[in-house]
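A quick write-up on the structure given underneath.
The values are calculated or read from the model by the stated rules, or taken from the named source; none is laboratory data. Quantities reported herein were computed from a predicted structural model and do not represent experimental measurements. Please note: Cβ atoms are built from the backbone with ideal geometry, for glycine as well, and neighbour counts cover all protein chains shown.
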Amino acid sequence: MTETWPKPLREARGPIRAAKLDGAAEGMGEWGRECRALAADGLVPPDMLTAMTLFILSSQPRDPEKKQAIPGGGGGVAGGVWVRERYTIHRPLRRDEVFTVRGNSEGRHVHKARRYGTTSSETFNAAGERVATNLTTGLLSYKVQDGLADGVEGRAPDDIPSPRPDWSVAANNPCRDALGALQVGQALGGYPVTVSLALMEARDTKNPDNPIHSDPELARKAGLSKPIAGGSHVLSFALEPILQAVGRQALLHGAAFDIRWKAPVYADRVMTPHARVAAVGADRVVFDVDAVLDDGATAMTGQITVPLA
């Protein structure tokens, strides 16, 4: 029987757990001044809005007979390792705000004997206003499965239109002047960050969505030598220097993100996050971001486009 794609997902309703948001702030340690300030202001930080896809996936009905790829995992994507996230933040989301996430499973594919899935979602607040648009590709299992041939079911990730910057809300950005004053080539960040297991445990909370990010034993069962930092956790350290330079709400009003995770950040590794101003124009500012491990490997890379009125 041929499967029909896309496959609608059961909608999910927020808010995000307070402990999860508190953990996101605590999990940045000394490097998260502006993200902690956003939390104190009652707002969800920009890295956590990658979690809208996980939010809807973790709300789907489960087949009790189907073995989880990661025992004890709570995430809807078994293995829950994001490899690419394309998303737009249309407006700020308050920590206690009721919201609805609607989405689809767009397709699955196999590449180099690993299985991947792609999910699209849109998040709306109680007033029906769009908060976030997400397109997420993640590993369905971290382990390589010998003998799997490359192939695609449904739509391939590159065949799906990416979320775009939202110029209709750019005028609401209180940081427009500071953004417009940036200079092409300006470098932000560039300091070493130790992503300790303690920070990973703090971010994951006592009720983790995916324990490969904080539980050594379950990480080993998933095929990892140690717990790895979640994708949004790695991203948060590269966004922080942007917020410190131009204002904590700079990325919450129409900004579009295209982020790829290239290599795992194992517990207690040192990485250096960077943000560089790639373009400044009358209608936009573009940042290149990355996180580089102490051995020179790139853990994460991406681009952020912030629309200006």
> Across the stretch 237-283, what is the number of residues that are closer than 19 Å to L197 by Cβ and among the basic types (K, R)?
Replying inline: 1
> Of these, P174, P165, which one is over 21 Å from the mean Cα position of the chain (by Cα), modelled with pLDDT of 95 or more and under 30 Å from T123 (Cα atoms)?
Replying inline: P174
> Which of the residues spanning the stretch 159-201 are of a type outside the set (V, I, T), surrounded by fewer than 19 Cβ atoms within 10 Å (Cβ to Cβ) and closer than 29 Å to S141 by Cβ?
Replying inline: D159, P161, S162, S196, L197, A198
>> List the strands (runs of 3 or more DSSP E) inside the stretch 246-295, counting only whole elements, that have at least 2 residues being among the basic types (K, R) and either surrounded by fewer than 17 Cβ atoms within 10 Å (Cβ to Cβ) or touching a residue at least 24 places away in the same chain (Cβ under 8 Å) (or both).
In response: 269-280
> Which residues, taken from the stretch 21-54, are in contact with a helix residue (DSSP H, G or I) (Cβ under 8 Å, 6 or more places away or on another chain) and of a type in the set (D, E, K, R)?
Replying inline: D22, E26, R33, E34, R36, D47
> How about the stretch 1-45: which of its residues are touching a strand residue (DSSP E or B) at 6+ places or on another chain (Cβ under 6 Å) and assigned to a helix (DSSP H, G or I)?
Replying inline: W31
>> Need the failing condition index for R220 against (1) modelled with pLDDT of 85 or more; (2) basic (K, R); (3) surrounded by fewer than 22 Cβ atoms within 10 Å (Cβ to Cβ); (4) outside any loop (DSSP other than H, G, I, E, B), just the number.
In response: (1)
> Out of (1) part of a loop (DSSP other than H, G, I, E, B); (2) in contact with a helix residue (DSSP H, G or I) (Cβ under 8 Å, 6 or more places away or on another chain); (3) at pLDDT 75 or above; (4) of a type outside the set (D, E, K, R), what's the single condition that is false for P92?
Replying inline: (2)
> For the stretch 3-25, what are the residues that are farther than 22 Å from T119 by Cα and more than 17 Å from the chain's Cα centre (by Cα)?
Replying inline: A18, A19
> Within the stretch 229-245, can you find the residues that are under 13 Å from A37 (Cβ atoms) and outside any helix (DSSP H, G or I)?
Replying inline: none
> Does any residue of the stretch 206-216 turn out to be on the phi > 0 side of the Ramachandran plot and outside any strand (DSSP E or B)?
Replying inline: no
> Can you name every residue in the stretch 264-278 that is over 18 Å from the mean Cα position of the chain (by Cα), farther than 18 Å from G29 by Cβ and aliphatic (A, V, I, L, M)?
Replying inline: V277, A278
